[in-house]
Structures are given as C-alpha cells and as structure tokens.
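A.B. asks: Below is the structure I would like to discuss, written out as structure tokens.
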C-alpha cells in the first residue's frame, strides 16, 4: 500500500506492528483496516485509530479490537490527537507472546508503538493552518514576537505605521489557545482577525 510507514516494537515477547497510512478520504480507513487484518491472520488483535479532516472539522475513530476497553485504540488515538498531522490512520497489530501485560502494560505498549511509527513518518501530510492578523502598539512588539515564536507562527508579515499590523499563520489546533494568550497579554484590548482563504 502506498503512503505507509511501519514500525515494530516488542514487549514481553508480544510483537506490536504499527503502521501509519495517509488517507485521502475517511472512507478509506475501513478498507485499509480490513486489508491489514487479512495480512495478519494469526495476529491476536489489530487495533486502530484515525484522524481525518481539516480545520475545525475532524472525524476521529478508534477500536480496541477485543483488548480490554481503553487499553489499545484509545492510547493510539491520544497520540494522534497530540499531533498536528491529519488524514492519517494508525493500525497496531499485536501478536501475543505468552505473557499478559496488564492494562498499564498494554497502554504503554500501544502508545509507544503509535509514537514510534509517527516519529518515523517521512512524508509530511496536510497540516491545517489558520491565517490571522492583529494590530498592536509598538510597546508590545517584542512580547508578541516572543508569543508567536512559542506558537510556531509562520509566514509572519509586519507592517509598521502608527501601529504595527502583524499577519501570520498557525496550526489550526493552536489558534484558540493563541487567541486566549493574545487577550491575556493585551488585557483584552487587541482583537484577532481570522483571515478566510
């Protein structure tokens, strides 16, 4: 399958094979999951989680596939939710090694497998960004530059006149926290304008 990355870890002789798939449509996930299960007929479990969509519209899904509830699909989903990457499906196929891991051990193993495969992705899929602008007084210029640096604001443009107009873009998931910090920094006197593209 194209646009896939796999990574395998072992925990107490159980094998966890994590595979990341970049998906163009959310409906592809079901077919891919079935295909992975067919590839590994001797596996104990094939759990999955996906995140699909752009901007504020995200579809999330997951399955523990028979593992104790919340010990498999949920940890994989939490890894995805913590990543700016979207339109991605991660499956983790487990071959039982004979030793039970317990709920904590399962959570750690599935989390680690998902983190490892995500860290080895070489293709950068679409990451949703929002463009915004603010008009600030000169005395807050340095503080805003520092704030924007912390949030990874890109494509920053500055226009200097009576006040400074700053325009940049930020990962969509960071827009609300950034707006909150702008309100706090300016004591509510500066408004953020989101620019629709």
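FYI, it's all coordinate maths here, none of it is from the lab. Quick caveat: nothing in here was measured; it's all calculated off a predicted structure. All Cβ positions, glycine included, derive from the backbone under ideal geometry; neighbour counts span all protein chains shown.
A.B. asks: Can you give me the C-alpha center-to-center distance between segment 120-197 and segment 44-113, rounded to a whole angstrom?
C.D. replies: Value for the Cα centre distance between the two parts: 32 Å.
A.B. asks: What FRET efficiency do you get for residue 133 and residue 6 if R0 is 45 Å and r is their Cβ-Cβ distance, rounded to the nearest 0.05?
C.D. replies: My answer for the efficiency is 0.60.
A.B. asks: Please check: in the Gaussian network model of the chain (C-alpha springs, under 10 Å), which one of 68, 137, 84 has the largest mean-square fluctuation.
C.D. replies: Ranking 68, 137, 84 by mean-square fluctuation puts 137 first.
A.B. asks: Further, regarding this structure: For a quick check, take a GNM of the chain with Cα springs below 10 Å and name the residue from 15, 129, 142 with the largest mean-square fluctuation.
C.D. replies: Looking only at 15, 129, 142, the largest GNM fluctuation is found for 142.
A.B. asks: With a 10 Å Cβ neighbour count serving as the proxy for reagent exposure, in which order, fewest first, do 100, 58, 187, 51 appear?
C.D. replies: By the 10 Å Cβ count, ascending, the order reads 187, 100, 58, 51.
A.B. asks: When the chain is fully extended, how far beyond the present Cα-Cα distance does residue 145 get from residue 81, taking 0.36 nm per residue of separation?
C.D. replies: Details: separation 64, 0.36 × 64 = 23.04 nm, distance 2.71 nm.
So the chain would gain 20.3 nm between residue 145 and residue 81.
A.B. asks: Please work out whether segment 26-106 counts as rounded, prolate or oblate from its C-alpha gyration tensor, where a ≥ b ≥ c are the square roots of the eigenvalues and a/c under 1.5 means rounded, while otherwise a/b larger than b/c means prolate and anything else oblate?
C.D. replies: Note, shape of segment 26-106 comes out oblate.
A.B. asks: Let me ask you something else. Using Cα atoms only, what is the angle between the long axis of helix 141-150 and the major principal axis of the chain, expressed in degrees (0 to 90) to the nearest 10?
C.D. replies: Relative to the chain, helix 141-150 is tipped by roughly 10 degrees.
A.B. asks: Per Stokes-Einstein, at 37 °C and 0.692 mPa s, what whole-number D in µm² s⁻¹ belongs to the chain, with the Kirkwood radius over Cα pairs as the hydrodynamic radius?
C.D. replies: Working: Rh = 18.8 Å.
Answer from the Stokes-Einstein relation: 174 µm²/s.
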